[in-house]
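These notes concern the structure reproduced below.
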Amino acid sequence: MTEPIEIARRESSALRISVRTAAILLAFTLVFTALMAGTYRATAPLVAASALAEKLRLIGEVLPPSLYDNDLMADAITLAPQKALGLDDQTRAWRARKNGKPVALVLEAAALDGYSGRISLILAIDAEGRLLAQRVTAHKETPGLGDYIDPKKDRNKARPWITQFSNLGFDSVPREKWRVKKDGGRFDQMSGATISARAVTNASGRALTWAVEHHDNLFALPANGRYEEPRSKP
């Protein structure tokens, strides 16, 4: 009888230890989760403010604040995924106005055919259909070769490659010439790194075409409205 009693006592002790361990782990999990939630709530405004500041910095690189007097963040609209812009996800577009009149549109686009994949862009296009400026916001192009598309990496600090597009529209560079010189177009590329330049040039031409064609509809939407391509009739 002693052995079964001893076995039962050991099993009971093991059960108590397991329950106590589980309770400690549960308590630890609850405390950790509460701390994480509290940290998130405390830092969320800072993260949001940082993201907003970064967005305004990027916009400021392509659209000088002196050109508009409205609140860009409040006068933004949502764009449904746009194939012409190389975008598979919805994005935001920012509308600049001065004295209530449309001045420029700031939007994002992407070239999916970079040497190392996707190249993300932000562009400012004015009401006359000119590309005021554009910047590369993300890429994986080869360092020291194709990354000159990013002015921060371009060795030509006096006139970075990306600035050759500034203040140009189809009135000064016909659509069929919105290509790199190697393809018979207007824009320079660096020898041995044409793919990166070609991708950005072609993407900016598509984005400019799309923005010019949709300008009136985009500015007609209410703030925080959503733009979707009209469905073609069967």
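No lab work stands behind these numbers, since they all come straight from the coordinates. If you're wondering where the values come from, they're calculated on a predicted model, not measured in any experiment. Every residue, glycine among them, receives a Cβ derived from its backbone with ideal geometry; neighbour counts consider all protein chains shown.
If you plug each phi of the range 99-113 into the Karplus form 6.51 cos²θ - 1.76 cosθ + 1.60 with θ = phi - 60°, what whole-Hz ³J(HN,Hα) values come out, in order, with x for Gly and Pro?
Once θ is set to phi - 60°, the couplings for the range 99-113 become 6, x, 9, x, 10, 7, 10, 10, 9, 9, 8, 8, 9, 8, 10 Hz.
Once you list every other residue whose beta carbon is under 14 Å from the beta carbon of G114, what net charge do they have if Lys and Arg are +1 and Asp and Glu are -1?
Computed value for this residue: 0.
What aspartates and glutamates sit close enough to K140 to cross-link, taking a C-alpha to C-alpha distance under 17 Å and skipping anything fewer than 8 places away on the same chain?
Within the straight-line limit of under 17 Å, K140 reaches these aspartates and glutamates: D113, D150, D154.
Could you work out how much longer the chain between V31 and K153 gets when fully extended? Use 0.36 nm per residue separation minus the Cα distance between them, nm to one decimal.
Between V31 and K153, full extension yields an extra 39.4 nm.
Could you pull out the GluC sites (Glu not before Pro) across the range 56-138 that fall in loop regions by DSSP (anything but H, G, I, E, B) with no more than 13 other Cβ atoms inside 10 Å?
For GluC sites (Glu not before Pro) across the range 56-138 that sit outside H, G, I, E and B with at most 13 neighbouring Cβ atoms in 10 Å, the list reads E128.
Would you mind checking the pairs K101/K181; K55/K101; K55/K181; K83/K157; K101/K153; K55/K153 and listing those with alpha carbons more than 27 angstrom apart?
Violating the 27 Å limit, Cα to Cα: K101/K181; K55/K181; K83/K157; K101/K153.
Please report, in Å, the Rg and the Dmax of the range 66-227, where both are computed over Cα atoms only.
Values for the range 66-227 (Cα only, Rg and Dmax): 15.6, 47 Å.
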